[in-house]
Amino acid sequence: MEFTLPQSGIFAQGTRAHYFLEFDLRPGVTATVALASFLRLQAPDVSAGGVNLVLAFGADAWREAAPSMAPASLAPFPGVQGPDGHRAPATQHDAWIWISGSTPDITWDHARAAVGAVSEVAVLANEQPGFLYHDGRDETGFIDGTANPPVRRAADVALVPLGTPGEAGSHVLAMRWVHDLDAFHRLSIHEQERVFGRTKLDSVELSHGEKPPDAHIARVELDVEGEELEIFRRSVPYGTIQESGLYFVAFSADPSRFQRMLARMFGLDGVRDRLTDFSTPASGAYYFAPSINALRALASPEQD
Ligand code: HEM
């Protein structure tokens, strides 16, 4: 019996160093040819050495190369335009790679090797190193990930259900948020806690009465007909002293959850997430991280 396996890097824990790469396919290169080159990154000469590597592709490239393995809902990121001018821009590219490992030298080596390995078919459009900040905190000082589904449940949240096109693949939202830490830190701790809806030191959820309707977690908690619609977040902090923030990464069985959360964050229903007063997205894209089986089928079509 053959199992359908997701890319394990999506769930890998314990890595402190991260590197995100986005690519545009070179003009004139078909998606099929380009993806064949990306699939070589699975080979040990590039991906060995204690790193996790997650490969994902934009809707157009994946649908062109593997139409039968593309979920119907897969589409480029449309961006979000809030009613008061706050917005999340769409900066869609064709491919995305997430490299995570123990130290920045190792992830940098692998990022550099990956860019070289696909250079004939794709141009690097964006690169972003990221790091674990203290005990898994965002640079605001708040713990990020408290209400994330635990790994034992994460596959149900993150993977396209078996028996549907794209099975065991995962929809990815990647966004670079730029923080205004000076403005945030001018708030009292009490006010900062009201921005997120959790306490700062130990991430305890504020009570119903204390949590403002525009608190971040009040905006992104999706309850649809009594069922909580979750996503699996893998964001990491990044940056220099001059510009820093959160490289937001999340995986979902279904991209409409991302769109609904962002719509609520940007106030399309009348209440804007207060976090957007202190952080602004500079990029945003949707990708699809196919199952290992789908990647293998594409890498050696004759065996399919
Ligand atoms: C500047 C960008 C962001 C920062 C700094 C941030 C930070 C946080 C923090 C500190 C928490 C509370 C602890 C936790 O449960 O992890 C949280 C929760 C959460 N965030 Fe964000 N976040 C950001 C953007 C986003 C975006 C863009 C989405 C969705 C598209 C999102 C979805 C969620 C969800 C689903 C939760 C859990 C809510 C719950 O059920 O309690 N976040 N975030």
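The values are calculated or read from the model by the stated rules, or taken from the named source; none is laboratory data. Since the structure is predicted, the reported quantities are computational estimates derived from the model, not experimental observations. Heads up, the Cβs are rebuilt from the backbone with ideal geometry, glycines too, and the neighbour counts pull from every protein chain shown. These area figures cover heavy atoms from the full protein model, side chains too; ligands, DNA and RNA do not enter into them. Shrake-Rupley method; radii C 1.70, N 1.55, O 1.52, S 1.80 Å.
The conditions of being buried (at least 19 other Cβ atoms within 10 Å of the Cβ) and at pLDDT 95 or above are met by ALA168. Of the residues that make up the range 88-109, is at least one open to solvent by 20 Å² or more (accessible area, probe 1.4 Å), in contact with a His (Cβ under 9 Å, 6 or more places away or on another chain) and under 30 Å from LEU162 (Cβ atoms)? No: zero hits.
Applying the criterion of being in a loop (DSSP other than H, G, I, E, B) and under 19 Å from GLU228 (Cβ atoms) to the residues of the range 126-159, the residue that is least open to solvent (accessible area, probe 1.4 Å) is PRO149.
Those residues that are open to solvent by 20 Å² or more (accessible area, probe 1.4 Å) and within 11 Å of the ligand (Cβ to nearest atom), I need them from the range 171-201; list them, please. Answer for the range 171-201, where residues must be open to solvent by 20 Å² or more (accessible area, probe 1.4 Å) and within 11 Å of the ligand (Cβ to nearest atom): ARG176, VAL178, HIS179, ASP180, LEU181, GLU193, PHE196, ARG198, THR199, LYS200. Hey, any hits in the range 115-122 for a residue that's farther than 30 Å from ILE189 by Cα, among the β-branched types (Val, Ile, Thr) and not in a helix (DSSP H, G or I)? Yes, that holds for at least one residue. Would it be correct to say that VAL46 is at pLDDT below 95 and over 21 Å from TRP177 (Cβ atoms)? Against the criterion (at pLDDT below 95 and over 21 Å from TRP177 (Cβ atoms)), VAL46 qualifies.
Exactly one residue out of GLN259, GLN242 is in a helix (DSSP H, G or I) and surrounded by fewer than 22 Cβ atoms within 10 Å (Cβ to Cβ): that is GLN259. Reported count of residues in the range 206-237, each being of a type in the set (D, E, K, R), within 30 Å of GLN128 (Cβ to Cβ) and either in a loop (DSSP other than H, G, I, E, B) or more than 9 Å from the ligand (Cβ to nearest atom) (or both), is 4.
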